[in-house]
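K.L.:
One structure, as structure tokens, below. Some questions next.
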Amino acid sequence: MYLGIDLGTGSVKLMLLGPDGAEHTVSRSYEVSSPHSGWAQIDTDIWLAALFSCIRELPGVEHVKAIGLSGQMHGIVPCSGMSGTAPVALGPAITWADQRAAETLPDYKALSEQTLSKLGNPPSAGMAGPILLWLRDHMPELFAKIDIAFMPKDFIRATLTGDRLTDYSDASGTLLYDFSIRGWYADLLRAIGLDTAQLPQIRAGNSIAGFVSDDAARRFGLPSGIPVAVGAGDTPAAFFGTDLHDPGTGQISIGTAAQIGVPMAERNIHTVMNLNHFEGVRPGSRYRIAAMMNGGLALEWVRRQLGFSWQELYRSLERRGLETPSDLIFIPYLSGERTPHMDPDARGAWIGLSLHHQREDLALAALLGVASTIRLGLATLLSAGNSSINRLRLVGGSARFPFWRKVLAAMLERDLLVSQQTDTSARGAALMAAEAIGERLFPSLGFDCEYAESYSWMKDYFQKQQDLYYKVF
């Protein structure tokens, strides 16, 4: 058995994967804290408690041959060093959804075109580089104590093994990584006030980082000495877990955020200022990403405010149907937006409210609003030279809801290949664990087709949402 640990924004998922493809998954949810407007952080002890709880629930952990990791990208966990074999966090983890570092973006945008081209990604507030700049300027005492700054999944793995590593995919999403040399951008680090020793060394995600320490074994109830793979960021891990390698296939993943990823046929990176580029797990694999920050994050907020369970929400909407056009527009930018607007100050709204609207109308508008941002992300990819996308896959937890699949296919005007395997990042982590110890698994991953129905009013909805965004912002 191989154990995949996926540290998400709102939950941690653990998957036991057998050589025959048999799976057993458990998860624990938690909430990100926002003590100030635009902040999104979490105490690392909450992560570790959720991990402990999941491990206790998993059957047969004594038979685990190797562990792999996947995790939310871009954020940072500043640490003062190691206590025994575990890192010591200087404060809460600052996540990708945090927008406090938006004020540092002019510093990045002022960089030369040559420098920006090496970074491969447009400046974004929730990435490690701007976050570290903000800490330097606003929390200088904490900044001065940083011995090592971990990415989220690397903090978890370091707690298990005591290593100081990251992988190429997570490194490539920091705005501190030079794609031209596949390593840390030393000149840029010096300008911030850091050196490469304060960042993890970079290794392949499917290589061994270390072994479960005696301390971690006692703390989490794992056998000591289990090999632990370096792992990858959650989006590249999902690509690895679904064997996405065809440049003609795009993959939509909707978790807390929403992404559309396409394998890159060319080796060279050309920075596109409203798209991301990430390294893959295997050497030579790279992806172009449309990253929309408000996927499940916006829908979960709407669900809570309206008092639905997910099952109630979709049952209600299925009864309502899609035949009647929605006259209520939802702008889902609750935490700013990346693709294509690159606007950390964008905010959300329902527009067009009147007395006749019910909570089902608000919920449907929210689904349509998020689907519209995904359509806009796809359009951005196509306009950036990925016009050869001829197939679209849909993965992630929301794919299990037929009504949502119907909405998304109709809004995109594209048939969707849908996988019933929802935990693709955890699956990718387990597959990396197997490869790290020299074993290859080829469990099949089936895709069914969701055929797109045509609703002419959806085009009008999409256009209205975009027009309203530009009027407001």
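The values are calculated or read from the model by the stated rules, or taken from the named source; none is laboratory data. Since this is a predicted model, take the numbers as computed values, not measurements. Ideal geometry is used to build each Cβ from the backbone, glycine not excepted, and the neighbour counts take in all protein chains shown. Ligands, DNA and RNA are excluded from the accessible area calculation, which covers all protein heavy atoms including side chains. Shrake-Rupley method; radii C 1.70, N 1.55, O 1.52, S 1.80 Å.
K.L.:
Return the pairs, sorted by first residue and then second, in which the second residue is open to solvent by less than 30 Å² (accessible area, probe 1.4 Å) and β-branched (Val, Ile, Thr), the first residue lies in the stretch 350-365 and is over 18 Å from ARG320 (Cα atoms), the beta carbons are less than 9 Å apart, and the residues are 6+ apart or on different chains.
P.N.:
Cβ pairs passing all conditions: TRP350/ILE329; TRP350/ILE331; ILE351/ILE329; ILE351/ILE331; GLY352/ILE329.
K.L.:
I'm trying to understand the selection: among the residues of the stretch 106-141, which are assigned to a loop (DSSP other than H, G, I, E, B) and in contact with a helix residue (DSSP H, G or I) (Cβ under 6 Å, 6 or more places away or on another chain)?
P.N.:
Correct list: PRO123, ALA125.
K.L.:
Looking only at the stretch 1-21, filter to residues that are open to solvent by 10 Å² or more (accessible area, probe 1.4 Å), touching a strand residue (DSSP E or B) at 6+ places or on another chain (Cβ under 8 Å) and of a type in the set (Gly, Ala, Ser); which one of those is modelled with the lowest pLDDT?
P.N.:
In this case the residue turns out to be GLY10.
K.L.:
Inside the stretch 222-247, can you point out the residues that are outside any helix (DSSP H, G or I), small (Gly, Ala, Ser) and closer than 18 Å to GLY75 by Cα?
P.N.:
Residues of the stretch 222-247 outside any helix (DSSP H, G or I): 222-233, 242-247.
So of that shortlist, the ones also small (Gly, Ala, Ser) come out as 224-225, 229, 231-233.
If the condition is that a residue be outside any helix (DSSP H, G or I), small (Gly, Ala, Ser) and closer than 18 Å to GLY75 by Cα, then GLY231, ALA232, GLY233 are the ones that fit.
K.L.:
How many residues are outside any loop (DSSP other than H, G, I, E, B) and either within 21 Å of the chain's Cα centre (by Cα) or surrounded by fewer than 24 Cβ atoms within 10 Å (Cβ to Cβ) (or both) if we restrict to the stretch 160-183?
P.N.:
Residues flagged as outside any loop (DSSP other than H, G, I, E, B) and either within 21 Å of the chain's Cα centre (by Cα) or surrounded by fewer than 24 Cβ atoms within 10 Å (Cβ to Cβ) (or both) within the stretch 160-183 amount to 12.
K.L.:
Now for a separate question. Which of the following residues is part of a strand (DSSP E or B) and either free of Cβ contacts under 8 Å to residues at least 60 places away in the same chain or not basic (Lys, Arg) (or both): ILE55, ILE5?
P.N.:
Criteria check complete, one pass: ILE5.
K.L.:
Please work out if ALA430 is modelled with pLDDT of 90 or more and farther than 20 Å from ALA257 by Cα. Before you say what the answer is, go through the steps one by one.
P.N.:
Values: modelled with pLDDT of 90 or more: yes; farther than 20 Å from ALA257 by Cα: yes.
Against the criterion (modelled with pLDDT of 90 or more and farther than 20 Å from ALA257 by Cα), ALA430 qualifies.
K.L.:
What number of residues in the stretch 253-310 are modelled with pLDDT under 90, among the charged types (D, E, K, R) and closer than 22 Å to LEU381 by Cα?
P.N.:
Counting residues in the stretch 253-310 that are modelled with pLDDT under 90, among the charged types (D, E, K, R) and closer than 22 Å to LEU381 by Cα gives 2.
K.L.:
Something else now. Suppose we filter ARG414, ARG391, ARG375, ARG427 for residues that are touching a helix residue (DSSP H, G or I) at 6+ places or on another chain (Cβ under 6 Å), among the basic types (Lys, Arg) and open to solvent by 40 Å² or more (accessible area, probe 1.4 Å); which single one remains? Full working, then the answer.
P.N.:
Values: ARG414 fails: touching a helix residue (DSSP H, G or I) at 6+ places or on another chain (Cβ under 6 Å); ARG391 fails: touching a helix residue (DSSP H, G or I) at 6+ places or on another chain (Cβ under 6 Å); ARG427 fails: open to solvent by 40 Å² or more (accessible area, probe 1.4 Å).
So the residue among ARG414, ARG391, ARG375, ARG427 that is touching a helix residue (DSSP H, G or I) at 6+ places or on another chain (Cβ under 6 Å), among the basic types (Lys, Arg) and open to solvent by 40 Å² or more (accessible area, probe 1.4 Å) is ARG375.
K.L.:
Name the helices (runs of 4 or more DSSP H) wholly within the stretch 363-473 that hold at least 2 residues that are under 18 Å from the mean Cα position of the chain (by Cα)?
P.N.:
Per the criteria, 424-436.
K.L.:
Starting from residues that are touching a residue at least 40 places away in the same chain (Cβ under 8 Å) and closer than 16 Å to VAL395 by Cβ, keep the ones in the stretch 260-277 and report whichever is surrounded by the most Cβ atoms within 10 Å (Cβ to Cβ).
P.N.:
ILE260
K.L.:
Return yes or no: is ASP98 open to solvent by less than 10 Å² (accessible area, probe 1.4 Å) and modelled with pLDDT under 95?
P.N.:
Against the criterion (open to solvent by less than 10 Å² (accessible area, probe 1.4 Å) and modelled with pLDDT under 95), ASP98 qualifies.
K.L.:
Something else now. Just checking, which of ASP178, ASP195 is out of contact with any strand residue (DSSP E or B) (no Cβ under 8 Å at 6 or more places or on another chain) and of a type outside the set (A, V, I, L, M)?
P.N.:
Exactly one residue qualifies, and that residue is ASP195.
K.L.:
Shifting gears a bit: Need at least 3 residues that are within 23 Å of ALA171 (Cα to Cα) per element, so show me which strands (runs of 3 or more DSSP E) inside the stretch 272-351 make the cut, counting only ones lying wholly within it. Give the derivation first.
P.N.:
Numbers: elements: 276-279, 286-292, 329-331, 349-351.
Output list reads 276-279, 286-292.
K.L.:
So which residues in the stretch 166-207 are closer than 19 Å to ALA434 by Cα and either out of contact with any Ser or Thr (no Cβ under 9 Å at 6 or more places or on another chain) or not charged (D, E, K, R) (or both), if there are any at all?
P.N.:
THR166, TYR168, SER169, ALA204, GLY205, ASN206, SER207
K.L.:
Please specify each residue of the stretch 371-385 satisfying the condition of being farther than 26 Å from PHE403 by Cα and polar (S, T, N, Q).
P.N.:
SER383
K.L.:
Do you know which of the residues in the stretch 35-52 that are at pLDDT below 95 and surrounded by 14 or more Cβ atoms within 10 Å (Cβ to Cβ) is nearest to LYS153 (Cα to Cα)?
P.N.:
ALA40
K.L.:
Sticking with this structure for a sec: Filter the stretch 330-367 down to the residues that are open to solvent by 10 Å² or more (accessible area, probe 1.4 Å) and among the β-branched types (Val, Ile, Thr) and list them by number.
P.N.:
The answer is ILE351, and nothing else.
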